[in-house]
Every structure is written in structure tokens, then in C-alpha cells.
Amino acid sequence: MKKQIGFYVLALLSLFLLIGAYWNHFDNPFHFDDAHTIQNNDAIHSLKNIPSFFKDASTFSSLPSNQIYRPGVTTLNAIDFWLGGKEYPVPTTFHKSIFFTYILLVILVFFLFIKLFNESFENKWNKYFALFGATFFGVHTANAETINYIISRSDSFSTLMIVLSLIIYLYKPVWRKKCIYLIPVALGFFVKEPTIMVAPLLVVYSLLYIKELSILKWFSATGIREGFNTLFTFLPLIALVIVLFFMSSTMASDTFVPGGGSRYEYMLSQPFVIVHYFNNFILPLNLCADTDWLPIAKIYDDRVLIGSIFIILMIAIAVYCSTKKMLYPITFGISWFLLALLPTSVVPLSEVLNDHRTFFPYIGLVMATAWMLGLLIIRLQQQIETKIQYKIIFIAIPILFVCAHAYGTRQRNKVWSSGETLWYDVVTKSPNNGRGLMNYGLAKMGNKDYVAALDYFERAKKLLPNYSYLYINLGVLKNLMANPAEAEVNFKQALALNPQNPESYYFYSNWLRSQGRFKEALDLVSDGLKVSPTHSGNKLLYSDLQALAANENNQLQLAEQNAKAKPTVDAYISLSLLYYQKQQYEKCIGASNEALKIDPNCVAAYNNICSAQNVLGNYEDAIKAGELALKIDANYQLAKNNLADGLARKEKEETALALAKKEPTEGNYINLSLVYYNLGRFQKCADAATSALSVNPKSDAAYNNICSAYNMLQLWDKAIEAGEMGLKINPDNQLLRNNLAVSKKGKKGN
């Protein structure tokens, strides 16, 4: 009885350790794909939408390219949104829900382990080995990557269903015959597809534990016969898997775009990725939320050899251990690890590796590790029972081990506690990750460190020159830095790069709204809702813009009438700002000059002239106006910003132009055209790109710049002509395809 009480006390302490390890994670914010699946996904705002989740994959995400069929995840998100009780998703509610199911999983892992251990070799200490294994899995530092990343509840919940299915099969033979174990498989599959890996796991269990066939014997005549018998036994499961897989492939949205590139290069990368996962299992010091690993292109790469040798070694250990019943949990654990990684190893995904992918596979390694420790203790059982030093060692080491992992988990929770800490960790460990650099820049922008943010964005741009989100963030940043002309250039570039990204429509429309261009904003956000009807931000913005757009013309007319009737400085300055917002820069300058006739020391008028002349490319006039403004008020920050902008623009343009004149190469003209484009001087951009064509008539990059520049000028026919010429040269130029699509859409709209 005392031993039973001691075990229950240890179990309770294990539970407290698990809770303590994650106690500091409940207020961690949303990250990554949480944005389009939860934060911006209007579909989860009502439980009444749950039936539609199972009919329409577009409800999974507000991002069309990510609208895969996972209605179970969307249902869980909708429930947690409702439990939060707010008009917006509350991350704490999601974290509590996920953690509750995580505790259930850890408990089930204990029962799975003790069953498998007892079927291999019964021992009075097996329950302690199983408890150690369950606790180890629960506090393993790598699992923090999954538990903190809210949308990765798909991994944790589907794993819960996998283990539940196995528990039912192993513990309830009567339910097994009634196929009750299939219910968790179906539920888990609707959350994430790898739930179907229950099938191969049960086949391995049956051949190993029930048939007691070593792996080598599986390929003998007897093994093949028993294998077919086993497959026949699992016919209902196999049929369910086929039906579910077919349903998933047919129900995905038409807009869904599978990630990943070359399957060959991706699969070459996976053996070494598995080595990385194993390293993190042993010593999780290289965990990273978003790595900069790239696919391996050559089969003779050293990493392919190292990874292949490692996998062969793992298989060899599994084969050897399958010859002895006492070692079955090691074989089953290794098989679990490799089988669980199989789906993400053969299907090319957008990232070569993700540390949260190991959540399900690590159960296998934990199983093997716990049983190896158990076998060592069983071997030394007599010494442990008779010698106090042995007892202390074999009690202290497992306790210190799980406590160390619990500490590591708390540290990873801190990393996930904000965007800044998470992305700092990413850029430190993966300095060549463009997305990481962008997101760290985004965190810097949130802290109003605009100079640092711009630096990180520019570094990211070198790695990801065609990433639409980067240009969205550059647009937001340029606006915050009082550079609306460059802000608009970046917003338009984001839209051209990915017309299927609703975020481009949202941020550009929101910026247009801030500029008083309500009708343009309304048209744009309407297009955004056509792309993604469930995008909550665009829906709210559309409602706000309807009334504003109706009064837009009246606002400018009233300002003009007011300035004519009461020609005061304030009236002209207000009118000047409205002209600027409407991109009527000459009129903006004219209204500012009228204000200066009344008050020659009007600093706001000089500032507006400086800003408008910058956009027009009249830098000498812009600099002169900025300097006059600062003579009147040396502390006028807007004038400081606009003067600095004019000087920087002039230097960029003159440097690029001088280089093109000195060395009139295709590359220098392309660079000059890009400088003009980024400065909002689109006709000059097209002219510089045309000069590039005089050097190389087959430059698809030059045609792309011409097409993009004429898109900005809304000269649709010229843009279409350039786009079609460029695609004749290089049909695979995706950026040019996107720009041509914008041209044709623009012409159709007119």
C-alpha cells in the first residue's frame, strides 16, 4: 500500500511539474499562421458556422492559398473564440484549452507506455518507467514549440486522437471488434491528416507484439502471409483512411496552393533533417520557430550521406531489438519515430523543417528512451534494492533530467512571449531567414524604432525580393516615417506580387483611408473581399468606408469653396493637404503658395511644398522649401523629415544615374529603373528600363519594370504590351505574370 501511495505522490508531482513548466505561457500572443486562421478569420466568430466548416474549406483561413480542408481545427478555434467572450480572439482562452487536452494526452501516453512495457516484460517497476516516459514527453522542451504555437493545436490534438485510438485498441478487445478505435481516427483526421499514421503503427504493433515476428521475418513467406492476414484484420481502418484521404484531397479549396518546391531536393534534405530532430531530442538547444534551412540539391552532399547512415543505423537497432521480446518497446519506439515523420518527409512543404513537426514522432523516442532506462534499472535491480547509493542515483538522475527539461520549456515559453523575443531568437539562430528578418523588423516597428525596422526590412528584401508581406510592411513603415509616396509604391508592389493575398488589400485600403482617398479605398477593399470573403479586417473596413466614400467629393469641394470664400492661411493649408491626399501635387503646391501670400512665414506651407516637390522629383525646389521651413522653425519635425527625404532621394537618384552613364550596362539601367520606381517616378522608371532593352533586347527584367511602371501610371495598354513581350522571352517569370495580371485587370476595370 505504501508503494502505491508513493507512486500516486510521484504522479501528482509529475502533474505539478508539467503545469509549472507551462505556467508562464498562458498569456503568450498569437504568432505566424494564427493571423489568417484565427485573428483575421471571420468564419470562427459564430458557432452557427460549424456545419459550414465541413462543407467549405475556405472557412479554414482568410488566406486563399492556405485554405486546406481541416474543419476540426476550425471548429476548435470557433469554440475557443466563443469561450473567450470577446469580439476578438483571446489567446489565453486558446492556450488554456490546448493545455487541457495536452494534459489528457500525457495521461494517455502513460497508459500506452505501461501497456507496451508490460506486454514485453512484466516488472513491478514498469509503472515508474511509464510515468517517467509520460513526464519526459510532457515537459520535453521541444514540445513547447507546438504548445505555444496556437494553430499547431492541429498537431497536439491529432496526436491525442492517435494515442486514444491505440489505447482503445490495446485495452478494449471488445471495442476493437466493434471498430470503436476508428472514431478517434476520424476525429483526428479532420484536425490534421497525419492521424492516418495510426494504420501503419497498428500493423507494426500487430506483427511485433501479437504475431511476435522480428522485422526480418516480416519478409519471409510466413511474414508475408501474416502481413496479409494483418492487413485483412485492419480492413475497416484501411477503408476509413482511403475515404478520409480522398475526402481531404477533394474538399480543399480551389485556391489552395501546396507549399514546397522540388520533391527530389526536399526528400534529399530529410535524412539530415531527421538527424537535426534527433539532436534536438537529446539536447534541445537548436530549437527555432522558423529556420533558414534550404533544400539540398545534390545527392552527393555530405549531409545526405550523414543522414542516410543515421537512418540505416536507427533501422538496424530496430531490427536487432525486434529479435528479443524484452526489447520490443525500443523497436516500436524507433518505428513510431520514423513512421510519424514519413508524411512530412515525402510531401514537399514550404519549409524543409519545422521543430513543431516532432511533437507526434517524439512519443516514439520517449518510449524507447524510457524503456532503455527501465532495462538498465531492471538489470541492476539487486544493487538498487540493497545499496543506497544506487537507489539515490537512479532516483535523482530521472528527476533532474525532467526538471531540466521543465526549465528549458519555461525558457522557450519566454521566447514565445512576444513577437520581438521570438523573432530575435529566429534571426540569431537563422540569420539567412528573410521572413525572420522581416518579422523582427516588424517588432522593431511596433516599438517605434523605425530606423532599425527599415534596416531589417532591407536585409530581408535581399533574401526575399518577391515576398508580398515584406512590401506591405515596408508600406506601413514608410507611412510612419512620413513618406506617403514610397508607402504607396510598396503597397502597390505587394498587390502586384500576390493579388490573392487579402492582407495587401487591407493594408493598402487602410492607408488610402488615412489619406482621405475613400472611394479608391472602398473599391480596393471590395476587391479584397472577393479574394477572401471571411477576412474580418476587410469586412470591418468596408463598412467604415461606405459612408466616407459617399462624402469624399463633397469634402474637397467644401474645402475649395471655403478657401475661396474665406482665403485664410488655415483654409489654404487644409486645401493643400487634401490636394496632396488626392495626389494632385501641383495643386497642393499652388494652395501652399496662396497661404504664403497671406503669411510668408507659414512653416506648414513650406513643408507641404517640400513634400509635394519630393514626389514630383523636383528635389532642388523641395530642398529649398524644406530649408526655408527650418529657418522659420528649426524644430519643425515634419520639415526635418521631408528635407532629409529630399536629400536622400536626390542622392539615390544621382548615384544610380551617374553609374548608368559611366557604365551603360543592362544591370545598371535595371538598377536605375528600380530606384526611380521606388521613388515613385514611374515614367522615368519605364524610360530607364527601355534603355536596358537597348543594351539587351531580350531582358525580361526590363519588360517587367516597364509593365510595373505603366501599371502605376494606369497606362494599361502599354503595360500589357510590355508584359506580353517579356513573357515571350521568359514564360517562367512569375513576377511579370503577376504584373501582367494587374494590367489586364486594370484595363478590364476601366
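For the range 523-573, a residue qualifies if it is over 30 Å from Asn608 (Cβ atoms), surrounded by fewer than 15 Cβ atoms within 10 Å (Cβ to Cβ) and either basic (Lys, Arg) or touching a residue at least 40 places away in the same chain (Cβ under 8 Å) (or both), and exactly one does: Lys530.
Which is within 26 Å of the chain's Cα centre (by Cα) and not in a helix (DSSP H, G or I), of Pro567, Pro499?
The unique qualifying residue is Pro499.
Hey, does the range 213-221 have a residue that's touching a helix residue (DSSP H, G or I) at 6+ places or on another chain (Cβ under 8 Å) and among the small types (Gly, Ala, Ser)? Looking through the range 213-221, at least one residue is touching a helix residue (DSSP H, G or I) at 6+ places or on another chain (Cβ under 8 Å) and among the small types (Gly, Ala, Ser). Within the range 485-527, the set of residues being under 20 Å from Ser708 (Cα atoms) and of a type in the set (Gly, Ala, Ser) comprises Ala485, Ala487, Ala494, Ala496, Ser504, Ser509. Would you confirm whether or not the range 659-677 contains a residue that is among the charged types (D, E, K, R) and within 30 Å of Leu577 (Cβ to Cβ)? No; the residues of the range 659-677 include none that is among the charged types (D, E, K, R) and within 30 Å of Leu577 (Cβ to Cβ).
Could you please let me know if Ile363 is under 21 Å from Ala144 (Cα atoms), hydrophobic (A, V, I, L, M, F, W, C) and out of contact with any helix residue (DSSP H, G or I) (no Cβ under 8 Å at 6 or more places or on another chain)? Against the criterion (under 21 Å from Ala144 (Cα atoms), hydrophobic (A, V, I, L, M, F, W, C) and out of contact with any helix residue (DSSP H, G or I) (no Cβ under 8 Å at 6 or more places or on another chain)), Ile363 does not qualify.
Conditions tested, residue by residue: (1) under 31 Å from the mean Cα position of the chain (by Cα); (2) modelled with pLDDT under 90.
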position: Leu349; (1), (2): yes, yes
position: Arg357; (1), (2): yes, no
position: Ile377; (1), (2): no, yes
position: Gln381; (1), (2): no, yes
position: Lys391; (1), (2): no, yes
position: Gln411; (1), (2): yes, no
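Per-residue answers, yes or no, for (1) touching a residue at least 60 places away in the same chain (Cβ under 8 Å); (2) buried (at least 18 other Cβ atoms within 10 Å of the Cβ); (3) on the phi > 0 side of the Ramachandran plot; (4) not β-branched (Val, Ile, Thr):
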| residue | (1), (2), (3), (4) |
| --- | --- |
| Val426 | yes, yes, no, no |
| Pro431 | yes, no, no, yes |
| Gly436 | yes, yes, no, yes |
| Ala443 | no, yes, no, yes |
| Ala460 | no, yes, no, yes |
| Leu463 | no, no, no, yes |
| Tyr469 | no, yes, no, yes |
| Ser504 | no, yes, no, yes |
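Here Ser253 passes the criteria (1) outside any loop (DSSP other than H, G, I, E, B); (2) touching a residue at least 40 places away in the same chain (Cβ under 8 Å); (3) closer than 19 Å to Leu63 by Cα except the one numbered (1).
Could you pull out the residue among Thr291, Thr250, Thr230 that is at pLDDT 90 or above and not small (Gly, Ala, Ser)?
Values: Thr250 fails: at pLDDT 90 or above; Thr230 fails: at pLDDT 90 or above.
Residue meeting the stated conditions: Thr291.
Taken over the range 256-295, residues that are crowded, with 16+ Cβ neighbours inside 10 Å, in a loop (DSSP other than H, G, I, E, B) and without any contact (Cβ under 8 Å) to a residue 60 or more places away in the chain amount to 1.
Which fully enclosed helices (runs of 4 or more DSSP H) of the range 301-416 have 2 or more residues being among the basic types (Lys, Arg)?
Details: elements: 302-321, 328-346, 362-379, 381-386, 388-415.
The helices (runs of 4 or more DSSP H) meeting that bar are 388-415.
Note on the range 674-700: residues that are touching an Asp or Glu at 6+ places or on another chain (Cβ under 8 Å) and farther than 18 Å from Asn618 by Cβ total 4.
Scanning the range 4-17 for residues that are free of Cβ contacts under 8 Å to residues at least 12 places away in the same chain and over 16 Å from Cys403 (Cα atoms) yields Gln4, Ile5, Gly6, Tyr8, Val9. Residues in the range 299-308 that are without any contact (Cβ under 8 Å) to a residue 12 or more places away in the chain and either outside the structural domain of Ile150 (by TED's automatic domain parsing) or not acidic (Asp, Glu) (or both): Tyr300, Leu305.
Whenever a residue of the range 25-41 is farther than 15 Å from Val73 by Cβ, its partners that are among the aliphatic types (A, V, I, L, M) and crowded, with 22+ Cβ neighbours inside 10 Å, lying with C-beta atoms within less than 8 angstrom and at least six residues away or across chains, give the pairs His25/Ala144; His25/Ile147; His31/Ile150; His31/Ala289; His31/Leu422. Scanning the range 438-448 turns up one or more residues that are in contact with a Ser or Thr (Cβ under 8 Å, 6 or more places away or on another chain), in a helix (DSSP H, G or I) and under 30 Å from Pro91 (Cβ atoms). Among residues of the range 95-112 that are in the same structural domain as Leu131 (by TED's automatic domain parsing) and under 13 Å from Ser156 (Cβ atoms), those with a Cβ under 6 angstrom from a residue that is assigned to a helix (DSSP H, G or I) and of a type in the set (Asp, Glu), sequence gap 6+ or separate chain, pair up as Ser97/Asp80. What pairs come out if I take residues in the range 48-65 that are over 14 Å from Val191 (Cα atoms) and pair them with residues that are aromatic (Phe, Trp, Tyr) whose C-beta lies under 7 Å away, six or more apart or interchain? From residues that are over 14 Å from Val191 (Cα atoms), the pairs are Ser65/Phe256.
Here are some residues: Arg176, Arg153. Which one is assigned to a helix (DSSP H, G or I) and surrounded by fewer than 23 Cβ atoms within 10 Å (Cβ to Cβ)?
Details: Arg153 fails: surrounded by fewer than 23 Cβ atoms within 10 Å (Cβ to Cβ).
After applying the criteria, what remains is Arg176.
As a summary of the residue check, Ser576 satisfies the conditions (1) out of contact with any helix residue (DSSP H, G or I) (no Cβ under 7 Å at 6 or more places or on another chain); (2) small (Gly, Ala, Ser); (3) surrounded by 15 or more Cβ atoms within 10 Å (Cβ to Cβ) except for the one numbered (1). None of Asn473, Asn432 is under 25 Å from Glu351 (Cβ atoms), in a loop (DSSP other than H, G, I, E, B) and not assigned by TED's automatic domain parsing to the domain that holds Thr146 except Asn432. If you go through the range 517-539 and keep only what is over 23 Å from Ser253 (Cβ atoms) and aliphatic (A, V, I, L, M), you end up with Ala521, Leu522. What do you reckon, is Ala239 within 20 Å of the chain's Cα centre (by Cα) and either within 30 Å of Tyr181 (Cα to Cα) or surrounded by 13 or more Cβ atoms within 10 Å (Cβ to Cβ) (or both)? Answer is no for this residue.
If you go through the range 417-429 and keep only what is assigned to a helix (DSSP H, G or I) and small (Gly, Ala, Ser), you end up with just Gly419. Of the helices (runs of 4 or more DSSP H) lying entirely inside the range 44-136, none contains at least 3 residues that are crowded, with 21+ Cβ neighbours inside 10 Å and in contact with a Cys (Cβ under 6 Å, 6 or more places away or on another chain). Determine if the range 326-335 includes at least one residue that is surrounded by fewer than 22 Cβ atoms within 10 Å (Cβ to Cβ) and at negative phi. Within the range 326-335, one or more residues are surrounded by fewer than 22 Cβ atoms within 10 Å (Cβ to Cβ) and at negative phi.
For (1) in the same structural domain as Tyr580 (by TED's automatic domain parsing); (2) farther than 23 Å from Lys478 by Cα; (3) buried (at least 17 other Cβ atoms within 10 Å of the Cβ); (4) modelled with pLDDT of 85 or more, each residue gets a yes or a no:
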| site | (1), (2), (3), (4) |
| --- | --- |
| Gly667 | no, yes, no, yes |
| Asn678 | no, no, yes, no |
| Arg681 | no, no, yes, no |
| Lys684 | no, no, yes, yes |
| Ile706 | no, yes, yes, yes |
| Met712 | no, no, yes, no |
| Glu724 | no, yes, no, yes |
| Leu727 | no, yes, yes, yes |
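The values are calculated or read from the model by the stated rules, or taken from the named source; none is laboratory data. Please read all numbers here as calculations on a predicted model, not as lab measurements. Cβ sites come from the backbone with ideal geometry, for glycine too, and all protein chains shown count toward neighbours.
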